[in-house]
Amino acid sequence: MAAGQDKSNRRKRGFERAGSLMQDRIRTAGESRGFAITRLLTHWAEIVGEDTARVARPVKVSYAQGGFGATLTVLTTGAQAPMLQADLPRIRDRVNACYGYNAISRVRITQTSASGLAEAPAPYDPAPPAPDPALRRRAEETTAHVADSALRAALEALGENILSRSKAKQRQTS
């Protein structure tokens, strides 16, 4: 009952910011990796600076058993690791300023390949194969009765796509 009332109240208020809708999920995901304060993840560039954020990203915060002070694990490329190593005291100080106390006592660097830091570049996809003329004619015949030319062209493209997929599925099952 309370959940239903919550949804109806939210609808009455109108639109909500995407960040507020995702806040609980982001916090849960961050806490599973040891990030008690998700601001460290969401505002990494502001906390450590643009130059450092460009070459490193936080991966995990691990807490020592029964001890005070956590270890922040930072991911970077092998080439950037020595420069980042020299910058560790500043990174630790800035992260602790974000927490408001000396939560991080150690920063550990983990090295990876260059594609490990960012989304891997999109693979080159060659041009799609030329459409089958028979499928094209069949799609044109099916949409011939549509008066609006733009709508007809869109439906022809959709029909051709559907027909080519069904033809490909037939080939796979044969």
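Observations
- DSSP-loop chymotrypsin sites (Phe, Trp or Tyr not before Pro) across region 67-112, with at most 11 other Cβ within 10 angstrom: F68, Y101
- For the pair D93 and S62, a Förster radius of 25 Å applied to the C-beta separation gives a FRET efficiency near 0.80, rounded to the nearest 0.05.
- A straight chain from A45 to V146 at 0.36 nm per residue would run longer than the Cα-Cα distance by 31.0 nm.
- Counting every C-alpha pair in region 133-173, the share spaced more than 13 angstrom apart comes to 50%.
All of the numbers you see were taken from the coordinates with simple rules; none came from a lab. This is a predicted model, so every value here is computed, not measured. Here Cβ is always computed from backbone atoms with ideal geometry, including for glycine, and neighbour counts include all displayed protein chains.
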